[in-house]
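Novice: The structure follows.
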Amino acid sequence: MTPPPGAAIPARHPDAPAPGETLGAHYEQCFGCGAGQPYGLQLEARAGEGVTVSAEFTVKEAHQGAPGLAHGGVLTTALDETLGSLNWLMHVIAVTGRLETDFVRPVPVGTTLHLDARATGREGRKIYCSGTGRIGGPDGEVAVRADAVFIEVKVEHFINNGREEEIKAAMADPDQVRRARAFEVNP
């Protein structure tokens, strides 16, 4: 999923969070980043330089696939959430169009996975990005990596397709920032 020749280099929005700033959950019930999901990843992403982010999450017993090891789908979700966070730095609403994951080594329960992601190109509504998950620290061994294409959408994508009860609750939130952020990242 390499950006096509002539694709633009993604630009960081002037109002994007500063490097090192925690991005916070975009929606309390998000399985990837929401604190309202006891079995979720509760991933915490931080803005990096340019259009990059870093994040961490610790593999819990509820995240197992094989005994004592993280489920591949959970690792993919962690990368998807991290890659999706890049859109906050560009102030773009986008959904995952395609995600390709390579599993390099097993990730044991109790391990903290150190994730990083970067936007690599943009053409029209398509945003190309890549990420890795490392064990043993931010410079540790690569355990999982992914390439993705996100597709820019309008907020109506969520309003027209989401469950009415949750959409109404998000739209009724008096906090304008939380209300807007509920619709910023892929469902």
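Residues checked against (1) under 19 Å from Ile135 (Cβ atoms); (2) among the hydrophobic types (A, V, I, L, M, F, W, C); (3) part of a helix (DSSP H, G or I):
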position	(1), (2), (3)
Pro10	no, no, no
Cys33	no, yes, no
Arg46	yes, no, no
Phe57	yes, yes, no
Val74	yes, yes, yes
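Novice: In addition: Return the residue satisfying two criteria in turn: it lies in the range 90-115 and is of a type in the set (A, V, I, L, M, F, W, C) and part of a loop (DSSP other than H, G, I, E, B), and of such residues it is farthest from Leu23 (Cα to Cα). So that I can check it myself, show each step before the final result.
Specialist: Step one: of the range 90-115, the residues of a type in the set (A, V, I, L, M, F, W, C) are 90, 92-95, 99, 103-104, 107, 109, 113, 115.
Okay, now just the ones that are also part of a loop (DSSP other than H, G, I, E, B), so 92-93, 104, 107, 109.
Values: Val92: 14, Ile93: 15, Val104: 28, Val107: 25, Val109: 25 Å.
So, considering only residues that are of a type in the set (A, V, I, L, M, F, W, C) and part of a loop (DSSP other than H, G, I, E, B), the one farthest from Leu23 (Cα to Cα) is Val104.
Novice: Here is a follow-up. (1) farther than 12 Å from Trp88 by Cα; (2) out of contact with any strand residue (DSSP E or B) (no Cβ under 7 Å at 6 or more places or on another chain); (3) among the small types (Gly, Ala, Ser); (4) open to solvent by 20 Å² or more (accessible area, probe 1.4 Å): which one isn't true of Gly34, the others all being true?
Specialist: Here Gly34 clears every test but (4).
Novice: Another question about this same structure. Could you list, in sequence order, all residues of the range 1-31 that are out of contact with any strand residue (DSSP E or B) (no Cβ under 9 Å at 6 or more places or on another chain), surrounded by fewer than 16 Cβ atoms within 10 Å (Cβ to Cβ) and not acidic (Asp, Glu)?
Specialist: The answer is Pro5, His13, Pro14, Gln29.
Novice: With respect to the numbered conditions (1) modelled with pLDDT of 90 or more; (2) not in a loop (DSSP other than H, G, I, E, B), which one is the sole condition not fulfilled by Pro19?
Specialist: (2)
Novice: Hey, another quick one. Any residue that is in contact with an Asp or Glu (Cβ under 9 Å, 6 or more places away or on another chain), over 14 Å from Ala117 (Cβ atoms) and free of Cβ contacts under 8 Å to residues at least 40 places away in the same chain - is there at least one of those in the range 6-13? Give the steps one after another, and end with the answer.
Specialist: Taking the range 6-13 and keeping what is in contact with an Asp or Glu (Cβ under 9 Å, 6 or more places away or on another chain), we get 6-8, 12.
Applying the additional criterion that residues be over 14 Å from Ala117 (Cβ atoms) yields 6-8.
Filter again for free of Cβ contacts under 8 Å to residues at least 40 places away in the same chain, leaving none.
Among the residues of the range 6-13, not one is in contact with an Asp or Glu (Cβ under 9 Å, 6 or more places away or on another chain), over 14 Å from Ala117 (Cβ atoms) and free of Cβ contacts under 8 Å to residues at least 40 places away in the same chain, which makes the answer no.
Novice: Still on this model: For the structure I just gave you, tell me whether Gly20 is touching a residue at least 24 places away in the same chain (Cβ under 8 Å) and farther than 23 Å from Val149 by Cα.
Specialist: Details: touching a residue at least 24 places away in the same chain (Cβ under 8 Å): yes; farther than 23 Å from Val149 by Cα: yes.
Yes.
Novice: Output the qualifying pairs, or none if there are none: Cβ atoms under 8 angstrom, residues six or more apart or on different chains, first residue in the range 60-80 and among the basic types (Lys, Arg), second residue open to solvent by 60 Å² or more (accessible area, probe 1.4 Å).
Specialist: Lys60/Tyr39
The values are calculated or read from the model by the stated rules, or taken from the named source; none is laboratory data. As the structure is a computational prediction, the values presented were derived from the model and not from experiment. Virtual Cβ from ideal backbone geometry, glycine too; neighbours counted across all protein chains shown. Accessible surface is based on the protein model in full, side chains and every heavy atom, while ligands, DNA and RNA are left aside. Shrake-Rupley method; radii C 1.70, N 1.55, O 1.52, S 1.80 Å.
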